[in-house]
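Please treat every number below as a calculation from the coordinates, not as lab data. All values derive from a computational prediction rather than experimental measurement. Backbone-built Cβ (ideal geometry, glycine too); neighbour counts: all protein chains shown.
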Amino acid sequence: MRLDIQLFGALPARRISKTRKRLRRTHLKKEAPTITTCPNCNSPIAPHRACTNCGYYKGKDVLGKEEKSEEKKENK
Ligand SMILES: [Zn+2]
């Protein structure tokens, strides 16, 4: 029924009725990002990413953040 939208592509704004425009935009919406918690330090993190707070991913310190913090303590 609404195949004509894809057949003609860009048209002057007045050629697309308010209803047709709004029906098309019913599928457009912002979605909140998925957030999980780090199993090591419980801070909120993006899924499938290393933790920005402690540098852990899958139980390993992949960013070496803990080693650096220990070095700083030794220097003081
Ligand atoms: Zn963490």
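Label positions at Leu23 and Lys65, each projected 7 Å from the Cα along the C-beta direction, are separated by 5.0 nm. Stretching the chain fully between Tyr57 and Ala13 yields a gain of 10.9 nm (0.36 nm per residue, less the alpha carbon separation).
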